[in-house]
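First the structure, in the form of structure tokens, and then the observations on it.
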Amino acid sequence: MDDEKSVFGVKPDNLDRLLQFGLELPEAEEDELASTAHQDTLTEKPGSRIGNYKLLKILGEGGMGIIYLARQEEPVRRRVALKIIKPGMDTKRVLARFEAERQALALLDHPNIAQVYDAGTADSGRPYFVMEYVKGTSITEFCDRHMLSIEERLRLFQQVCQAVQHAHQKGIIHRDIKPSNILVTSENDHVVPKIIDFGVAKALIQPLTERTLVTEQGQLFGTPEYMSPEQADMVNEDIDTRSDVYSLGVLLYGLLTGVLPFDPQTLRDGGIDNIRKTIRDTDPKTPSTRLTDLGEEAAKIAEMRRTQISTLARHLRKELEWIPLKAMRKERSERYRTASELADDIENYLKGAPLIAGPPSVGYKVKKFVRRNRILVGGIATVLAVLIAGIVTSTLFALRAERARSQAQDVSDYLLTSVMDTGRDGALLERTWEDFLDNAVKGLEGRFEDQPLVEAELRYSLGHKHTDARKPETAIELLERAYQIRRQHLGPTHDLTLHTAMMLGWAQSFAGRHDVAIGMWTDQIELMQKARGDGYWRIMLLKTVLGDMYHTLGNYKEAEACLDEALERWRQLRDPYTFRFRLFAIQKRRGINYLTQGRYTEAEQVLRQALEMNFPLNVRTLTCRKILSSVYRAQGRYAEAEQLCKWALDLMREDLGEDHWATLGAQCELGRILMEQGRLSEAEKLISGALRSGRLKYGDADGNTRLFIKTLALVRTRQGEYTDANDLFTEAMKDRKHRPTKVTRMRWKP
């Protein structure tokens, strides 16, 4: 923002700088720091004291106050920010505003709002207050510097919305929400935004001070670019919380597009009258249009968000831009009612749920439901189409058509009543995947006692879905019963029985019981060999799975033996072309196993053999290239490793998305390659970004997230930040279950 042209009389070194400086300096240098204020006019200068606080340097100055970095001496020793009224500014109006800000902050208690510690009067007779020192940068600068993705920016913005909601619940409107008043810090890779400067805050419920705060005619309180129409109208008595909602909408607009709805230069050139008219009467361009109008600059903005301009514009045009546009409606009644509702709608977008800001048509909600629950819709469609039309008939063999149709109808009734029970008012559209899973399990009990094979199929399907949803304990219960039924009615070597046992092994593995899974799969291999012979293709599949599991558990020799045997058996099949994707998977796993053991030449050879099969670019082939770049890195071939990994990462971002586990893995690997070359700053940015996205999308306990933590710890070690490195290593190992980081389950059909 160009504060030289401020219409409300704030100097360039105003609150935009508040608390965002503060590199830690040696104590001997603190008293020698230059001031940005006119020190010859100040009674209090760096080196002097106010109460228990030693002034260290000036952080910035606003229209009425000066903000110092100070050190509290007692009862605790810490750095604080101390704000004191400027000499000559102690008019009744300024004192009222200063007192209002102090009391506003004192009312608030939220982790994302700067905390007030103390207040008093200096020896000069001018009031001051002491608040939390936030060592950070503005939210927009932080997002761009760390190249946060759109999802990461939205998650950060949600925290800001909740902090504003807290202030509103305390009866306080901020009235000057803008990037420089939202500072972001990063501690142990946890990003924390802090709202500062309630200097123009207004009380909703009670006066913040006994003094009367009168708005001078022709003066705007706030920042024009972020100002709501009613605030620009200067009808201050009628401003409510929705004014802050408007400012949040402008902030979100900028976080998404890198530019503001109205060009600052054009907005300010006409003075107050032009500012008021533009804000009140002119509708801003949609974010996607504003972005594409920027030309070459748009590509740089997209790069700051780790994406391509076409991808960013496409996401905005679909639905994302509806959110800031609703927050910025001219009529307050058409905006989000609260800051919390704005945060909730962002959550709706991230989850794929219908937006409050979206068109309220039934067709739109149905489309969003299908998109949000692709697995669910696919699962229901599969159960209806396959189970009813095919599996029931094929499983029960010689049943007469009339009985098969009857059972199909029973399954259909079960799905429509127990599983998809909508209640009233069409609640189906608001249901989640977890809701359907829970209903399905409850509705199954005692429903098919006289149709055991139908029950087994349903239990298998539900167990499969619970495994995918990472609910292994429920999956195990369902699959064990399905296995018992099929073993009893179809025999231990029937395809369906073996298939259920394999899925049960996966559920045990996801529950952390890897030895149980290995034992089950080994038993199944023996049963299949007896029933079908050594050439049965599913034996080779299970051998591959076993090899993958042994590798994950660190038993590399057993893994190599299983994978080599599986490869040899696949090659002996009459039609290996039909199963070439299995060959590709085995070769990739062999390459990983060789790489882990330090056998780089063999790893490169088998990975190249896999890629020479010329499969289309997808998550498997791109991941294979990322693994090959790891081999190059391990061999010290950094230029080749960097080129290949960058290429794969760019395609993953475009095709899989910014926060797909494979994309984040490639981003972390590229950071590792840069780290090995000594490019620590670049490496830290990439790996920290992968870690933040991993935490948001998959959680702290996910194996990939832990890998990112450990990799970042390596960077911290190279940087000499041993305390941070130790904390990260400790976090990575905390509550760690011995389970695969990423075991790709190879699906197979009966």
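The values are calculated or read from the model by the stated rules, or taken from the named source; none is laboratory data. None of the values given here were measured: they were computed from a predicted structure. Please note: Cβ atoms are built from the backbone with ideal geometry, for glycine as well, and neighbour counts cover all protein chains shown. Side chains are part of the model used for accessible areas, which takes the heavy atoms of the whole protein and leaves out ligands, DNA and RNA. Shrake-Rupley method; radii C 1.70, N 1.55, O 1.52, S 1.80 Å.
General remarks:
- The residue that is most open to solvent (accessible area, probe 1.4 Å), counting only those in segment 704-729 that are modelled with pLDDT of 90 or more and among the basic types (Lys, Arg), is Arg718.
Residue-wise test of (1) more than 38 Å from the chain's Cα centre (by Cα); (2) at pLDDT below 85.
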residue	(1), (2)
Leu496	yes, no
Val516	no, no
Met520	no, no
Gly533	yes, yes
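- Only one of Tyr600, Tyr594 that is modelled with pLDDT of 90 or more, open to solvent by 60 Å² or more (accessible area, probe 1.4 Å) and under 20 Å from Gly547 (Cβ atoms): Tyr600
- Number of the condition not met by Leu325 [criteria: (1) more than 22 Å from the chain's Cα centre (by Cα); (2) modelled with pLDDT under 90; (3) part of a helix (DSSP H, G or I)]: (2)
- Yes/no for Val619 being surrounded by fewer than 19 Cβ atoms within 10 Å (Cβ to Cβ) and of a type in the set (Val, Ile, Thr): yes
- Applying a threshold of 6 Å to beta carbon distances and a minimum spacing of six or more residues, or different chains, the list of pairs starting in segment 696-713 at a residue that is free of Cβ contacts under 8 Å to residues at least 24 places away in the same chain and closer than 16 Å to Thr663 by Cα and ending at one that is aromatic (Phe, Trp, Tyr) and not in a loop (DSSP other than H, G, I, E, B) reads Thr705/Tyr698.
- Residue within segment 111-125 that is in a helix (DSSP H, G or I), touching a Lys or Arg at 6+ places or on another chain (Cβ under 8 Å) and surrounded by 18 or more Cβ atoms within 10 Å (Cβ to Cβ) present: no
- Each residue in segment 645-667 was checked for being part of a helix (DSSP H, G or I), open to solvent by 10 Å² or more (accessible area, probe 1.4 Å) and hydrophobic (A, V, I, L, M, F, W, C), and 3 pass.
- A count restricted to segment 679-694 and to residues that are in contact (Cβ under 8 Å) with a residue 60 or more places away in the chain and closer than 19 Å to Ala662 by Cβ stands at 5.
- Any chance Glu684 is assigned to a helix (DSSP H, G or I), open to solvent by less than 60 Å² (accessible area, probe 1.4 Å), at pLDDT 95 or above and not β-branched (Val, Ile, Thr): no
For (1) out of contact with any strand residue (DSSP E or B) (no Cβ under 8 Å at 6 or more places or on another chain); (2) at pLDDT 55 or above; (3) open to solvent by less than 20 Å² (accessible area, probe 1.4 Å), each residue gets a yes or a no:
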residue: Tyr336; (1), (2), (3): yes, yes, yes
residue: Ile346; (1), (2), (3): yes, yes, yes
residue: Gly378; (1), (2), (3): yes, yes, no
residue: Thr382; (1), (2), (3): yes, no, no
residue: Ala385; (1), (2), (3): yes, no, no
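- Residue list for segment 544-562, filter: within 16 Å of Ser509 (Cβ to Cβ), open to solvent by 30 Å² or more (accessible area, probe 1.4 Å) and in a helix (DSSP H, G or I): Tyr550, His551, Thr552, Glu558
- Hey, Tyr68 within 19 Å of Ile196 (Cα to Cα), assigned to a strand (DSSP E or B) and either open to solvent by 10 Å² or more (accessible area, probe 1.4 Å) or in contact with a helix residue (DSSP H, G or I) (Cβ under 7 Å, 6 or more places away or on another chain) (or both) or not: no
- Here Thr140 passes the criteria (1) part of a helix (DSSP H, G or I); (2) farther than 17 Å from Met304 by Cα; (3) of a type in the set (Val, Ile, Thr) except the one numbered (2).
- Filtering segment 590-641 to residues that are in contact with a His (Cβ under 9 Å, 6 or more places away or on another chain) and closer than 22 Å to Arg653 by Cα leaves only Val619.
- Test: Ala299 is free of Cβ contacts under 8 Å to residues at least 40 places away in the same chain, out of contact with any Leu (no Cβ under 8 Å at 6 or more places or on another chain) and either open to solvent by 40 Å² or more (accessible area, probe 1.4 Å) or assigned to a helix (DSSP H, G or I) (or both): yes
- Hits in segment 687-703 (condition: part of a helix (DSSP H, G or I) and surrounded by fewer than 19 Cβ atoms within 10 Å (Cβ to Cβ)): Leu696, Tyr698, Gly703
- Conditions (1) out of contact with any helix residue (DSSP H, G or I) (no Cβ under 6 Å at 6 or more places or on another chain); (2) open to solvent by less than 30 Å² (accessible area, probe 1.4 Å); (3) within 22 Å of Trp322 (Cα to Cα): number failed by Gly271: (3)
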